[in-house]
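Report on the following structure.
The values are calculated or read from the model by the stated rules, or taken from the named source; none is laboratory data. Here the structure is a predicted model, which is why all the values come from computation and not from measurement. When we count neighbours, we look across all protein chains shown, and the Cβ atoms used for this are built from the backbone with ideal geometry, even at glycine. For the accessible areas, the whole protein counts, side chains as well, though only heavy atoms, and no ligand, DNA or RNA atoms are used. Shrake-Rupley method; radii C 1.70, N 1.55, O 1.52, S 1.80 Å.
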Amino acid sequence: KAMRRLVRETSLSVDDLIAPLFVRPGRKVRKPISSMPGQFQFSVDEAAKEAVELFEAGIPAMILFGIPPRKDRLGTGAYTADGIVQKAVRAIRKKAPELLIMTDVCLCEYTSHGHCGVVRGRGRNFEVDNDATLKLLAKTAVSQARAGAQVVAPSAMMDGQVLAIREALDRSGFEGVAIMAYAAKFASAFYGPFRDAAESPPQFGDRSTYQMDPANVREALREVEMDAAEGADILMVKPALAYMDIIRLVRDEYDEPLACYNVSGEYAMVKAAAQKGWIDEQEIVLEMLTGFRRAGADMILTYHAKDAAVWLK
Ligand code: PBG
């Protein structure tokens, strides 16, 4: 065993983990997410408590997703000063000042149609207006930074989103706020449980006009190239399990820190099989997380973060 410790090529520690968290309106709410056992929608007060627990478990960072009180066509809830995520950031900064707070920058949780940007038309003829969306994403990032977010994470897959956000942050005095870009984000069935959790399934059509085709590798590298050139501080590949080759390629070709997102469907599959007694949850999770690190990820966004922190002690 000692010998194996000495020759082990890949390390996994709590330092590598980022915990996602869903915030919703209300007080003293911890609403279980049925397709993600062990995960909850938290009201702001409860989210702050959870953040303290994450920090005490040794986890360096969290990423926030919001479920707003109301949705509308333009996703106003994403960028109002008293938006649900903005409130949560302020509360968490107070209670857990040393926990790094990342915020997801997207409109799909806030739009009535569930798409990640401004939509023209409906049904089969709908189109997402890329450039009109950029302005709203930039507004969202600035309002999150103003609330105290230290890393903003654009996930809408609009072309030019990293540059638009970087310029807006700099203009508003937030040069120090970093951007973690969902750079290669695939149109994936593995996001199913997240859309329950964030109450954000598209009401018509799907996301395949702006998220990537799972069959494409060269295109993924082009997406990563754009985000790196636009000033992304951290690059991300998402999902993780079925995209290990992309993680490896990006690691080999880019010097930026690299994240991968161990997404909701990947979590749900492990939980379901573990609940049936078909797999050993702890061993499976640690093996998967080690695999992401071996593939080249520096950091992992994972719903297993809190459990893994205990197992890695
Ligand atoms: C927002 C967003 C999604 C996820 C992260 N940010 C959903 C989507 O693109 O449909 C998915 C995360 C997960 O499945 O865990 N655009």
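Please go through the stretch 15-49 and give me each residue that is open to solvent by less than 20 Å² (accessible area, probe 1.4 Å), among the hydrophobic types (A, V, I, L, M, F, W, C) and part of a strand (DSSP E or B), ordered by number.
Passing the criteria: Leu17, Ile18, Ala19, Leu21, Phe22, Val23, Phe42.
Hey, can you tell me all the residues within the stretch 291-313 that are open to solvent by 40 Å² or more (accessible area, probe 1.4 Å) and within 18 Å of Pro60 (Cβ to Cβ)?
Those that are open to solvent by 40 Å² or more (accessible area, probe 1.4 Å) and within 18 Å of Pro60 (Cβ to Cβ): Arg293, Asp298, Lys306, Asp307, Val310, Trp311, Leu312, Lys313.
Run down Val44, Val29 and say which single residue is in contact (Cβ under 8 Å) with a residue 24 or more places away in the chain, out of contact with any Leu (no Cβ under 6 Å at 6 or more places or on another chain) and hydrophobic (A, V, I, L, M, F, W, C).
After applying the criteria, what remains is Val44.
Specify which of the listed residues (Glu225, Glu256, Glu283) is in a loop (DSSP other than H, G, I, E, B), more than 16 Å from the ligand (Cβ to nearest atom) and either at pLDDT 95 or above or surrounded by fewer than 14 Cβ atoms within 10 Å (Cβ to Cβ) (or both). Outline the logic, then answer.
On the way: Glu225 fails: in a loop (DSSP other than H, G, I, E, B); Glu283 fails: in a loop (DSSP other than H, G, I, E, B).
So the residue among Glu225, Glu256, Glu283 that is in a loop (DSSP other than H, G, I, E, B), more than 16 Å from the ligand (Cβ to nearest atom) and either at pLDDT 95 or above or surrounded by fewer than 14 Cβ atoms within 10 Å (Cβ to Cβ) (or both) is Glu256.
Evaluate the following for Ile101: is it within 21 Å of Glu256 (Cα to Cα), modelled with pLDDT of 95 or more and open to solvent by less than 10 Å² (accessible area, probe 1.4 Å)?
Yes; evaluated as a whole, the condition is true for this residue.
What are the residues in the stretch 50-72 that are part of a loop (DSSP other than H, G, I, E, B), touching a strand residue (DSSP E or B) at 6+ places or on another chain (Cβ under 9 Å) and either within 16 Å of the ligand (Cβ to nearest atom) or closer than 22 Å to Asp196 by Cβ (or both), if any?
Across the stretch 50-72, the qualifying residues are Ile67, Lys71.
Which pairs do you get when a residue that is farther than 14 Å from Val44 by Cβ, found in the stretch 65-90, comes within reach of a residue that is open to solvent by 50 Å² or more (accessible area, probe 1.4 Å) and not in a loop (DSSP other than H, G, I, E, B), reach meaning Cβ atoms under 7 angstrom, with the pair 6+ apart or on two chains?
Close Cβ pairs satisfying both conditions: Tyr79/Lys139.
Go through the stretch 203-215 and give me each residue that's open to solvent by less than 50 Å² (accessible area, probe 1.4 Å) and more than 8 Å from the ligand (Cβ to nearest atom).
Listed by number, the residues that qualify are Phe204, Tyr210, Met212.
Find all pairs meeting these conditions: Cβ atoms under 7 angstrom apart; at least six residues apart or on different chains; first residue within the stretch 173-200 and within 23 Å of Ile67 (Cβ to Cβ) and in a strand (DSSP E or B); second residue more than 13 Å from the ligand (Cβ to nearest atom) and open to solvent by 30 Å² or more (accessible area, probe 1.4 Å).
Met180/Asp233
Looking for whichever is touching a strand residue (DSSP E or B) at 6+ places or on another chain (Cβ under 7 Å) and among the acidic types (Asp, Glu) here; the options are Glu219, Glu199, Glu167, Glu175. Which one fits?
Glu219
Since Ala189 meets every condition but one in (1) open to solvent by 60 Å² or more (accessible area, probe 1.4 Å); (2) hydrophobic (A, V, I, L, M, F, W, C); (3) more than 13 Å from the ligand (Cβ to nearest atom), which condition does it not meet?
Failing condition for Ala189: (3).
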